[in-house]
Structures are given as C-alpha cells and as structure tokens.
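Undergrad: Handing you a structure now.
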Amino acid sequence: MSQTLCIISTQAPYRGQFAKEALDAALVSATYDIPTSLLLMGDGVYQILDGQSPEQLGRKNLSSMFQSLELYGIETVYVDGESLEERNLDPEQLLPLYTLLEGDAVASFLAQHDKVLSF
Amino acid sequence: MKYALAVYGAASTGQSSLTALSFARALLVSGHEVMRVFFYQEGVHNATSLTSPPQDEQNLPEQWQRLIAEHDIDAVVCIAAALRRGVVSVDEAERYELSASNLREGYELSGLGQLLEAAVEADRLVTFGD
Amino acid sequence: MATLHTVNKTGQPLELCLRALNAGDNVLLLEEGVYALYEASDVLSDLLKHVAVYVLEADVLARGMTNRDNLDIGMVDYQGFVELTEANDKVVSWF
C-alpha cells in the first residue's frame, strides 16, 4: 500500500511560480500512482477563482491545469472553508471542482495523510 | 531514519536554504541518512557555481556543495525549475544552445518525480520554504 | 499520529497552522516565526493547552529576542529540531 501524500498550496495564483509549480508536483505525484490530495489554503484559494484571464500577463491560465487534474486521477481539490470566508469568496465564484473542508475538518484531513508537501 | 529534504529558497530570498543546511548537518551528526535533497522553486539557485559573495559573507551554495560531497548525498535539482531560472548543466546548455553552464559538480538535474519518489520512500519528508 | 508543524512567519503561516493542529502535535517556530513570541503571545498561551510549542534558538538569538518566561515554550537547537522530527510521525511546514 503506497503512502498517501497531501500537497498544500497556500500562495496566490500569479505570485512567481509558486502555484504553478505546486500543481506540477501534484500532477507528477499522481502519475507516480501516489494517492495524492491537493489542499488549497490561505491565498491559495484564489487559484480556483473562476474567470481568470492572465493573457495580458503572458502567463498560462491555471484553470486549465486544475481542470486536467481529474485526467490524472485527482478527482477533487480540497479547499479550506475558513480561507474562503476570510476573503469574502462565495462558493459559486469558484471552479466547480472542489470539496469544502469546514471547521476542524482541515486538521483531521491532514492527520489522514502519511506525508505532507507544502507550497 | 531516512530523511528527504525539499529546499525551495535561495540564499537571497529568505532564510530557508540556511535552515535546511543546518538541519541537514544536524541530521548527519545524529546518524540519520539524508537520502535525497531536492532543490525546487527558488531553491535551484543553491546549485549555481557562479555565486561570489564578499569575503566576509557566507557562500551558501558552496557550503551545500561541500556537505553533499563529504557525505555523498543524492542532490537533485528540478530540471524544469532550473532551466526556467538559468541554472543549467553542460548538457542542457548544449541542448538549448545557451552561452554558458553553471551547475555545480555533485548535483543532478532531473524531474519532479525524484521529489515525489523520495517523499514516499523516506521515513520523514521535511520542506523548507520561504 | 502526531505531527510537527514548523512555522517560519507570523501572519498567514501561523494562522493556517493554528487551524491544522490536532491535540498532541508539536509546533516549532523558526526564522521570522519566532516573532510570535512577542506578537502572538496570547495565541501561544492558548495553544499551549493543546500542543507543545518550541522556538529555534539560533533564530531567537539572531533577532535579539528572548523566550517568554511566563510561557512554557521550549528552546531547541538544530539537534533539538531533529529530535522533534524523530518524535513526530510527520512534518508539515507553514511558510
């Protein structure tokens, strides 16, 4: 039985390469058949705000990377509910590919994983 | 125990590269095995051979290299992150027709899979970010 | 399954760490995270009811700080950091 990995991504989408390189790690982890969860917390929740158009920045749209996660076997993205509330974000403003973790759920969710890789 | 370290910071961006180096030294003193150090994100800058700080300042890339050589540590630099930031081996410089190469000896440019593989194989994974 | 949480800044990293803690976990404040001794001493005293909190000595000394006498916070060197990673089942870094 392979060890389970949780990847936590806490940075805003176009701040350097933080978010993109965290997603790369999640995709590669899944291709190595490691049971992988991706958890967005803090400013990381902005990564799945719908309607991103970073073309004027000359950057790749992260949304399409998120939408491809499922093809690699990552069926959902976990989102810290408190981080959404702190940022006045409504669930409808997000790409519909996530599972909300509310209250104490984050702590028990992390406890379920063998290893945690933060970004 | 077997430890895998992920290093995301450069000497100039924060303190995490130094913390990781001090932690790695303490691990070895305690008799643990450092099975891999994986340099990712800004951490790839620790592998450049072109740092030349003033005499009275520490040269972190040089200190990393010394530790890696002395203990024969598997030091892997993420190839995509490194090419994006201008840390290149002789082979990659040729492949992309770049004017120079700067990867220190003792490091290997390789894929992210090396990080994930180490993450699940090691007894402990410790991430050092800024 | 206890976890060691390292926190390298106050602000977002400390806040996110707080909501990820389970009873019996350990927290190590390092780098800019040691400023929590001054900025967040109320938070820390609450925290100490559920988890053990440590600070990294080199980072405390470097910044001209001192440990809080009124709080039961352990001061560790890098060797102590290693021991904390041995004593816990995994490490989560907040930065």
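Undergrad: Would you list which lysines come within 24 Å of B:Lys2, measuring only between C-alpha atoms, while excluding same-chain residues fewer than 8 positions from it?
TA: Straight-distance partners of B:Lys2: A:Lys115, C:Lys90.
Undergrad: Calculate the FRET efficiency for C:Ser41 and B:Ala80 from the Cβ-Cβ distance with a Förster distance of 51 Å, rounded to the nearest 0.05.
TA: Values: r = 43 Å, r/R0 = 0.84.
It comes to 0.75.
Undergrad: In whole angstrom, note down how far apart the Cα centers of the range C:10-89 and the range A:82-119 are.
TA: Rounded to whole Å, the Cα centres lie 24 Å apart.
Undergrad: Along the Cα-to-Cβ line of B:Asn59, 7 Å from the Cα, sits a label point; which residues in the range B:1-15 have backbone N less than 17 Å from it?
TA: B:11-12
Undergrad: Next question, about the same structure. Give me the inter-chain shielding for C:81-90: mean count of other chain Cβ atoms within 10 Å, whole number please.
TA: 6
Undergrad: Stokes-Einstein D for the protein assembly as shown at 25 °C, 0.890 mPa s, Kirkwood Rh over Cα pairs, in µm²/s?
TA: The Stokes-Einstein estimate is 119 µm²/s.
Undergrad: Add -39500 (n - 2.57) for each DSSP H run of 4 or more in chain B, then divide by its residues: what number comes out at 222 nm, to the nearest 500 deg cm²/dmol? Write down the numbers at each step before the final one.
TA: Numbers: 5 runs with 47 residues, N = 130.
Result for chain B: -10500 deg cm²/dmol, rounded to the nearest 500.
Undergrad: Now for a different question. When the helix-only estimate is applied to chain C (DSSP H runs of n ≥ 4, each -39,500 (n - 2.57), divided by the residue count), what is the mean residue ellipticity at 222 nm, nearest 500 deg cm²/dmol? Write out the running numbers ahead of the final one.
TA: Values: 5 runs with 34 residues, N = 95.
My calculation for chain C gives -9000 deg cm²/dmol from helical runs alone.
Undergrad: Of all accessible surface on the range B:2-128 at a 1.4 Å probe, what whole percent is carbon and sulfur?
TA: Details: 2330 of 5340 Å².
Carbon and sulfur: 44 percent of the exposed surface of the range B:2-128.
Undergrad: Over the range A:5-118, what is the relative contact order in whole percent, taking alpha-carbon pairs under 8 Å and six or more residues apart?
TA: The value is 32 percent.
Undergrad: Restricting to the protein assembly as shown, compute how many DSSP beta bridges are antiparallel as a %, nearest 5.
TA: Details: 2 of 51 bridges.
Bridges in the protein assembly as shown are about 5 percent antiparallel.
Undergrad: Express in whole angstrom the spacing between the alpha-carbon centres of the range B:41-59 and the range B:66-130.
TA: For the range B:41-59 versus the range B:66-130, the Cα centre distance is 15 Å.
Undergrad: What GluC sites (Glu not before Pro) does the range B:54-100 have in DSSP loop regions with at most 13 other beta carbons within 10 Å? It would help to have the intermediate numbers written out before the result.
TA: On the way: sites: B:Glu57, B:Glu62, B:Glu70, B:Glu92, B:Glu94, B:Glu97; in loops: B:Glu57, B:Glu97.
Filter output for the range B:54-100: B:Glu57, B:Glu97.
Undergrad: Solvent-accessible area per residue for chain C at a 1.4 Å probe radius, Å²?
TA: So chain C comes to 40 Å² accessible per residue, rounded to a whole number.
Undergrad: Helix B:16-29 versus the longest principal axis of chain B: what angle, 0 to 90°, nearest 10, using Cα atoms?
TA: Around 50 degrees separate the two axes.
Undergrad: Return the distance in nm (one decimal) between the two label points of a simple spin-label model at A:Ser108 and B:Ser12, each offset 7 Å from Cα along Cα→Cβ.
TA: Those two pseudo-labels are separated by 4.8 nm.
Undergrad: Sticking with this structure for a sec: Roll a 1.4 angstrom probe over the protein heavy atoms and tell me the percent of accessible area of the range A:5-118 that is carbon or sulfur.
TA: Numbers: 2270 of 4960 Å².
Carbon plus sulfur share of accessible area: 46 percent.
Undergrad: Right, here's the next one. Please give the average number of partner chain Cβ atoms lying within 10 Å of the Cβ of each residue in B:81-87, rounded to a whole number.
TA: That works out to 1 on average.
Undergrad: Kindly express, to the nearest 10 degrees and within the range 0 to 90, the angle between helix B:60-70's C-alpha long axis and the longest C-alpha principal axis of chain B.
TA: 60 degrees
Undergrad: What FRET efficiency, computed as 1/(1 + (r/R0)^6) with R0 = 45 Å and r the Cβ-Cβ distance, is obtained for A:Tyr72 and B:Leu50, rounded to the nearest 0.05?
TA: Working from the Cβ atoms, E equals 0.80.
Undergrad: Kindly provide the helix-only [θ] at 222 nm of chain A, computed as the sum of -39,500 (n - 2.57) over DSSP H runs of four or more divided by all residues, to the nearest 500 deg cm²/dmol?
TA: -8000 deg cm²/dmol
Undergrad: What percent do you get for the relative contact order of the range B:6-126 when only Cα pairs under 8 Å and 6+ apart count?
TA: 26 percent
Undergrad: The range B:1-63: D in µm²/s via Stokes-Einstein (Kirkwood Rh, Cα pairs, 20 °C, 1.002 mPa s)?
TA: Rounded, D is 175 µm²/s.
Undergrad: Sticking with this structure for a sec: Of all beta bridges DSSP finds with both residues in chain A, what is the antiparallel percent, to the nearest 5? Could the numbers behind the result be given before it?
TA: Values: 1 of 16 bridges.
Of all bridge pairs located within chain A, approximately 5 percent are antiparallel.
Undergrad: Given a Förster distance of 51 angstrom, what is the FRET efficiency for B:Glu108 paired with C:Asn67, based on the Cβ-Cβ distance and rounded to 0.05?
TA: Between B:Glu108 and C:Asn67 the formula returns 0.75.
Undergrad: Taking the DSSP beta bridges in the range B:2-128 as the whole, what percent of them are antiparallel, to the nearest 5?
TA: Antiparallel bridges: around 5 percent, rounded to the nearest 5.
Undergrad: Another question, if that's okay. Can you give me the distance in nm between label points at A:Ser64 and B:Lys2, each placed 7 Å from the Cα along the Cα-to-Cβ direction?
TA: It works out to 3.8 nm between the two label points.
Undergrad: With springs only between Cα atoms under 10 Å, which of B:Asp74, B:Asp56, B:Asp91 fluctuates most in a Gaussian network model of chain B?
TA: Maximum among the listed residues: B:Asp56.
Undergrad: Go through A:77-86, A:100-109, A:45-54 and give me the packing order, highest mean Cβ count within 10 Å leading.
TA: A:77-86, A:45-54, A:100-109
Undergrad: Loop-only check: which GluC sites (Glu not before Pro) in the range A:48-79 are DSSP coil with at most 15 other Cβ within 10 angstrom? Intermediate results must be reported in sequence, preceding the final value.
TA: Numbers: sites: A:Glu55, A:Glu70, A:Glu75; in loops: A:Glu75.
Listed in order of number, the matching sites are A:Glu75.
Undergrad: Which trypsin sites (Lys or Arg not before Pro) in the range C:1-90 pass both tests, a DSSP loop state and at most 10 other beta-carbon atoms within 10 Å?
TA: C:Lys49
Undergrad: According to the Cα gyration tensor, what semi-axes, each the square root of 5 times an eigenvalue, does the equivalent ellipsoid of the range C:3-94 have, listed from largest to smallest in whole Å?
TA: Over the Cα atoms of the range C:3-94, the semi-axes work out to 17, 15, 12 Å.
Undergrad: May I pose another question? Compute for chains A and B the buried accessible surface, both sides summed, probe 1.4 Å, and express it in Å² to the nearest 100.
TA: For A against B, buried area totals roughly 1500 Å².
Undergrad: Give the dimensionless ratio obtained when the Cα radius of gyration of the range C:32-81 is divided by 2.2 N^0.38 Å.
TA: Rg over 2.2 N^0.38 Å, computed on Cα atoms: 1.06.
Undergrad: Within 10 Å of each Cβ of A:106-112, how many other protein chain Cβ atoms are there on average? Walk me through the intermediate numbers first.
TA: On the way: counts 4, 8, 2, 1, 10, 9, 1.
Average neighbour count from other chains, rounded to a whole number: 5.
The values are calculated or read from the model by the stated rules, or taken from the named source; none is laboratory data. None of these values were measured; they are calculated from a predicted model. Every residue, glycine as well, gets a Cβ built from its backbone with ideal geometry; the counts of neighbours run over all protein chains shown. The protein model used for the area step is the full one, side chains on, heavy atoms only, and it has no ligands, DNA or RNA in it. Shrake-Rupley method; radii C 1.70, N 1.55, O 1.52, S 1.80 Å.
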